[in-house]
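The values are calculated or read from the model by the stated rules, or taken from the named source; none is laboratory data. Keep in mind that what you see is a predicted model, and the values were worked out from it rather than measured. Every residue, glycine as well, gets a Cβ built from its backbone with ideal geometry; the counts of neighbours run over all protein chains shown.
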Amino acid sequence: MALTLDINGKSVSVQATSDTPLLWVLRDELGLTGTKFGCGMAQCGACTVHLDGQPIRSCVTPIEAVGSAKITTIEGLGGQHPVQQAWVRHDVPQCGYCQSGQIMSAVALLERNKHPSDEDIDNAMTGNICRCGAYQRIRAAIHDAAETGPPMGEPHADIDEAIVAASGATHRGAGR
Amino acid sequence: MNAPFKPAPTRRDVVVASTLVGGALLVGCSPADLMSAGSKVEVGAFGPFIKIAPDGVVTVVSKHIEFGQGNHAGLSAIVAEELDADWSKVKVEQAPANAKLYANGALGAQLTGGSSAISNSWDQLRKAGAGARAMFVQAAANKWNVAVGEITVKDSVLTHTSGKTATFGDLVAAAAKVNPPTDIKLKDPKTFTLIGTDRVRRKDAQAKSDGTARYTQDVRLPDMLTAVVAHPPLFGAKLKSFDAADAKKVAGVVDVFEIPTGVAVVAQSTYAARMGREALKVEWDDGKAEKRGSAKIAEDFRAVLTGKDSSAKWEPFDQRGDLSKLDAAKGEQVFETTYEFPYLAHATMEPMNCVASVDGSDVKMVFGSQGQTLDQLNAAKIVGCLPGSVQIETLFAGGSFGRRANFQSDYAAECVHIAKKVGKGRPVKLVWTREDDMRAGYFRPLTLHAVKVVLDKNGYPAAWRHRIVTQSIMKGSPMPAGKGPDGTAIEGTQGSPYLKATPVVDAQVALPDAGVPVLWWRSVGATHTAFVMEHTIDQLAAKAGKDPIEYRRALYTKAGADRHLAVLNLAVEKAGPAPAAGWSRGVAVHESFGSVVAQVAEVKLVDGAPRVGRVVTAIDCGVAVSPDQIAAQMEGGTCYGLSAALYGEVTLTDGKVDQSNFDRYRVLRINEAPTVETNIAPSGNPPSGVGEPGTPVIGPAVANALLALNKTATTRLPLVRSNV
């Protein structure tokens, strides 16, 4: 079936069966591969995106349930979001595979709680597994973003650029 | 992986390749020649590890995969240091598969493992950087018509004593024409300005924070198909029959066919492939399958341990002194216990996956390859080509912890089988779900230890009997066995300073078979030996009525284990005099991969379960190339080890793996993560391992804290078994 979704501030048409999880529409249909597949049953948080600002697990969210809600993915943060900057300052990522989901959960936390306590962070981030164990840097980066970050802005709206960047067409490799 | 993994694949690989090409043409070729034959790599003027662009940007070519360890930061820093390059203008890229150029000097094949990326590259990359630097200096001297001794280099700028300057970019064309020096002079480490500083940072943090870092899962190629495979539920089972009629009706499914490991469903998208597999009907032949549950395997291993099953072969690995003292000893001065460790899954965040295309004898693979040489060999065997015609583009991988390198290249080989069947060079991405990944085996082996120690009149070990029963990781591997039993089973007990300090030792291992595939798992043998040695020591100290820290100090002094003593003292000093009220402390120290790690862990019980707070760590890893990444590995390694000590356990019922996802394979989450403080012991020795040595120490440190807290010893992991 054809569906129109609001992704990163832009209206996007997709072809998929109604029960297809949002994750696979993002990754396979739209090439937004920043959102990762980790478990397929909302256990690990690697697939976290925002639905009207709330963090959701896209691996268990069928697209028919999305409707006209606004979806924001890691690509929609634009790359220089205060949380992303804090992540880089702290060299949070190791293998990096879970970090899109970690960042989306952290952004959602900071949007509703400007100065979270350690306990707030535990409550908001427990659904995101990091097998590399970067947890203490995740905690530090969230505190840092809360201290230093300007007010959270609107998500990055340039979906075309984001799709190209995430499509795998250019291999940026390790160095930047 | 560890040191005994010395793949001199020479003879066997030559045989394999000769068979493939049907002649003796290749006899006499080195394995490196075999690997590189046909695999074209353009080596520039500055050698295989350094490229310098006209704009002066330096690209370091990493022969090692980056899957979290931070080695790309350290490897590029080694080059940048000797080259005197501007660190902000240094990039990293992944080397192609070519064992002749990019073999791991410690392992003899292109393979990342054994925590050896920095240590085996240390001399090689220093020389590469220093050699390129000398070429720039010579080029500047020629241009300015001055002596090379009058030129200095800093941050990619060459300066003559007269004040004249030129950048790498200005001189790169001229430098490329200079003959590489034969006598390369390295820096005095005292003059390092980058290595050992916090300026050495990850080069991939931005890409891994904005979603652009490219993993196998993210590969999108024109005309690419996606495959999933229906695997048998039991290890060793075979396909009996399958009915693909319904699977082929699923929209997007392109083909369904048999491969050696099961039935492949190939489709236009991941979701279609998975739906196709759900519609597939398969019957399996369990005739030759492993049907024992893990409890039965443990029971069988215990029968070997106790001697009830006398069929197993015991292999001694440390025997000294009058062993009759051990048999005769009874009473007060004797300590005896056993330990049991479960199977463990690596459970990387990115499940195993691979992209491959096969066009005749041309094979292209794009994935997070950890052992490129092994993967080339296995792909070549499947396709019937020379290993060198297998090209591999190595991507980031979402974790490995040992899982991505094995002698069968299990998941990569599966992908090549599918791509071969699809043919015509059409790329196929093999996707494993979490369930596929967790049920596929290659687990840390189930392992038992039995320890009997006789104390002398001062309370120190006079005689030590040690028995280990585990499955061999190295058995059946193409790598030639070293002297003695499988080192991966005994490392850490073998070579322990506590055994060195004991006059009578009888240490043996038995390696019974089981049908469960096993593999190295971050820190390999130390995952169990460190626990046994360190937790035993605290129990011996308690029996002797001594403080466990003082007890260790005495034994390290007796064994001449200076590095152990130094890191123990450093950790204890940094931990301070006493924990906060309500917290108990435990200490553990272990050497692995050339490095020694000591930890002081602070633990309390919350609702009856251990909660770990502060973990003060000290490591001696030789020269610290990248201190912040060493800290990151101590933090992450501690979490990985703690996750296993608290929760990690794969069980089997009637041969079937019980766990399939994170709901039943519990792993550490942020609310359970400790705060790790890392202290690096100063050292002038060459760098040693960092990725693995932080993992095995936390388990015994926590067990020792619990022993101090409630006088109860731990004889079985995991500590929390609520999920079974």
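Return yes or no: is residue B:433 among the polar types (S, T, N, Q) and within 20 Å of the chain's Cα centre (by Cα)?
No; evaluated as a whole, the condition is false for this residue.
With over 30 Å from residue B:67 (Cα atoms) and touching a Gly at 6+ places or on another chain (Cβ under 7 Å) as the only criterion, which of B:167, B:161 stands out?
After ruling out the rest, the residue left standing is B:167.
Which of (1) surrounded by fewer than 21 Cβ atoms within 10 Å (Cβ to Cβ); (2) of a type in the set (Phe, Trp, Tyr); (3) under 22 Å from the mean Cα position of the chain (by Cα) is the odd one out, the single condition residue B:640 does not satisfy?
Failing condition for residue B:640: (1).
For residues in region A:21-33 being among the hydrophobic types (A, V, I, L, M, F, W, C) and more than 7 Å from chain B (Cβ to nearest Cβ), which is nearest to residue B:346 (Cα to Cα)?
A:23
When the residues of region B:643-659 are filtered to those that are part of a helix (DSSP H, G or I) and more than 9 Å from chain A (Cβ to nearest Cβ), which remaining residue is surrounded by the fewest Cβ atoms within 10 Å (Cβ to Cβ)? Spell out how you get there, then give the answer.
As a first pass, look at region B:643-659 and keep what is part of a helix (DSSP H, G or I): B:643-646.
Narrowing further to those that are more than 9 Å from chain A (Cβ to nearest Cβ): B:644-646.
Values: B:644: 30, B:645: 27, B:646: 23.
Out of the qualifying residues, it is B:646.
If residue B:416 passes every condition in (1) assigned to a helix (DSSP H, G or I); (2) within 28 Å of residue B:633 (Cα to Cα) but one, which one does it miss?
(2)
Can you find even one residue in region B:536-546 that is in contact (Cβ under 8 Å) with a residue 24 or more places away in the chain, under 19 Å from residue B:401 (Cα atoms) and assigned by TED's automatic domain parsing to the domain that holds residue B:571?
Checking region B:536-546: not a single residue is in contact (Cβ under 8 Å) with a residue 24 or more places away in the chain, under 19 Å from residue B:401 (Cα atoms) and assigned by TED's automatic domain parsing to the domain that holds residue B:571.
If you take the residues of region B:573-599 that are at pLDDT 95 or above and surrounded by fewer than 17 Cβ atoms within 10 Å (Cβ to Cβ), which of them is farthest from residue B:621 (Cα to Cα)?
First pass over region B:573-599, keeping only residues at pLDDT 95 or above: B:573-576, B:583-599.
This time we only want the ones that are surrounded by fewer than 17 Cβ atoms within 10 Å (Cβ to Cβ), so: B:573-574, B:576.
Values: B:573: 19, B:574: 18, B:576: 23 Å.
Out of the qualifying residues, it is B:576.
Is it true that some residue in region A:34-41 is hydrophobic (A, V, I, L, M, F, W, C), surrounded by 18 or more Cβ atoms within 10 Å (Cβ to Cβ) and facing another protein chain (nearest Cβ under 10 Å)? Steps first, please.
Of the residues in region A:34-41, the ones hydrophobic (A, V, I, L, M, F, W, C) are A:37, A:39, A:41.
Checking which are surrounded by 18 or more Cβ atoms within 10 Å (Cβ to Cβ) leaves us with A:37, A:39.
Filter again for facing another protein chain (nearest Cβ under 10 Å), leaving A:37, A:39.
Scanning region A:34-41, I find at least one residue that is hydrophobic (A, V, I, L, M, F, W, C), surrounded by 18 or more Cβ atoms within 10 Å (Cβ to Cβ) and facing another protein chain (nearest Cβ under 10 Å), so the answer is yes.
Any idea which residue in region B:218-237 is surrounded by the fewest Cβ atoms within 10 Å (Cβ to Cβ), counting only those that are within 12 Å of chain A (Cβ to nearest Cβ) and not hydrophobic (A, V, I, L, M, F, W, C)?
B:222
When you scan region B:47-79, how many residues do you find that are within 25 Å of residue B:634 (Cβ to Cβ) and either at the interface with chain A (Cβ under 10 Å from one of its Cβ atoms) or in contact with a Ser or Thr (Cβ under 8 Å, 6 or more places away or on another chain) (or both)?
Total satisfying the criteria: 18.
Restricting to region B:420-461, and then to whatever is out of contact with any Leu (no Cβ under 7 Å at 6 or more places or on another chain) and at positive phi, can you tell me which residue is surrounded by the most Cβ atoms within 10 Å (Cβ to Cβ)?
B:441
If we keep just the residues of region A:50-73 that are touching a residue at least 40 places away in the same chain (Cβ under 8 Å) and within 11 Å of chain B (Cβ to nearest Cβ), which is surrounded by the most Cβ atoms within 10 Å (Cβ to Cβ)?
Going through the qualifying residues, I end up with A:73.
Would you confirm, using the coordinates I've provided, whether residue B:688 is within 20 Å of residue B:570 (Cβ to Cβ), outside the structural domain of residue B:236 (by TED's automatic domain parsing) and either touching a Cys at 6+ places or on another chain (Cβ under 6 Å) or crowded, with 21+ Cβ neighbours inside 10 Å (or both)?
Against the criterion (within 20 Å of residue B:570 (Cβ to Cβ), outside the structural domain of residue B:236 (by TED's automatic domain parsing) and either touching a Cys at 6+ places or on another chain (Cβ under 6 Å) or crowded, with 21+ Cβ neighbours inside 10 Å (or both)), residue B:688 qualifies.
Please indicate, with yes or no, whether at least one residue in region A:105-118 is at the interface with chain B (Cβ under 9 Å from one of its Cβ atoms), in a helix (DSSP H, G or I) and basic (Lys, Arg).
no
Tell me, which helices (runs of 4 or more DSSP H) lie completely within region B:1-88 with 3 or more residues that are at pLDDT below 60? Break it down stepwise before answering.
Working: elements: B:10-21, B:31-36, B:71-83.
Passing ranges, in order: B:10-21, B:31-36.
With (1) part of a loop (DSSP other than H, G, I, E, B); (2) out of contact with any Cys (no Cβ under 6 Å at 6 or more places or on another chain) as the list, and residue B:662 as the residue in question, which single condition is left unmet?
Going through (1) part of a loop (DSSP other than H, G, I, E, B); (2) out of contact with any Cys (no Cβ under 6 Å at 6 or more places or on another chain) one by one, residue B:662 breaks only (2).
Out of A:76, A:101, I need the residue that is more than 9 Å from chain B (Cβ to nearest Cβ), touching a Cys at 6+ places or on another chain (Cβ under 7 Å), crowded, with 24+ Cβ neighbours inside 10 Å and part of a helix (DSSP H, G or I). Which one?
Of A:76, A:101, the one residue that is more than 9 Å from chain B (Cβ to nearest Cβ), touching a Cys at 6+ places or on another chain (Cβ under 7 Å), crowded, with 24+ Cβ neighbours inside 10 Å and part of a helix (DSSP H, G or I) is A:101.
Look at residue B:208 and say whether it is within 14 Å of chain A (Cβ to nearest Cβ) and under 30 Å from residue B:687 (Cα atoms).
Criteria met by residue B:208.
Restricted to region B:383-399, and to residues that are assigned to a helix (DSSP H, G or I) and surrounded by 21 or more Cβ atoms within 10 Å (Cβ to Cβ), which residue is farthest from the chain's Cα centre (by Cα)?
Keep residues of region B:383-399 that are assigned to a helix (DSSP H, G or I), which gives B:383, B:387-389.
Filter once more, so that each one left must be surrounded by 21 or more Cβ atoms within 10 Å (Cβ to Cβ): B:383, B:387-388.
Details: B:383: 28, B:387: 24, B:388: 25 Å.
By that ranking, first place goes to B:383.
Pull up region B:263-280, narrow it to residues that are touching a residue at least 40 places away in the same chain (Cβ under 8 Å) and in a strand (DSSP E or B), then point me to the one that is farthest from the chain's Cα centre (by Cα).
That would be B:267.
Kindly provide the set of residues from region B:142-170 that are small (Gly, Ala, Ser) and within 45 Å of the chain's Cα centre (by Cα), ordered by number.
Result: B:149, B:156, B:166, B:169.
Mind telling me which of the residues B:283, B:299 ends up being at pLDDT 95 or above, charged (D, E, K, R) and part of a strand (DSSP E or B)?
B:283
Condition check ((1) out of contact with any Phe, Trp or Tyr (no Cβ under 6 Å at 6 or more places or on another chain); (2) not assigned by TED's automatic domain parsing to the domain that holds residue B:412) across all residues:
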residue: B:247; (1), (2): yes, no
residue: B:263; (1), (2): no, no
residue: B:267; (1), (2): yes, no
residue: B:304; (1), (2): yes, yes
residue: B:308; (1), (2): yes, yes
residue: B:313; (1), (2): yes, yes
residue: B:326; (1), (2): yes, yes
residue: B:333; (1), (2): yes, yes
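Filter region B:145-176 down to residues that are surrounded by fewer than 16 Cβ atoms within 10 Å (Cβ to Cβ), of a type outside the set (Asp, Glu) and more than 21 Å from residue B:79 (Cβ to Cβ), then give me how many there are.
Of the residues in region B:145-176, 9 are surrounded by fewer than 16 Cβ atoms within 10 Å (Cβ to Cβ), of a type outside the set (Asp, Glu) and more than 21 Å from residue B:79 (Cβ to Cβ).
Run down B:519, B:570, B:555 and say which single residue is surrounded by fewer than 22 Cβ atoms within 10 Å (Cβ to Cβ) and not acidic (Asp, Glu).
Values: B:519 fails: surrounded by fewer than 22 Cβ atoms within 10 Å (Cβ to Cβ); B:555 fails: surrounded by fewer than 22 Cβ atoms within 10 Å (Cβ to Cβ).
That would be B:570, the only listed residue that is surrounded by fewer than 22 Cβ atoms within 10 Å (Cβ to Cβ) and not acidic (Asp, Glu).
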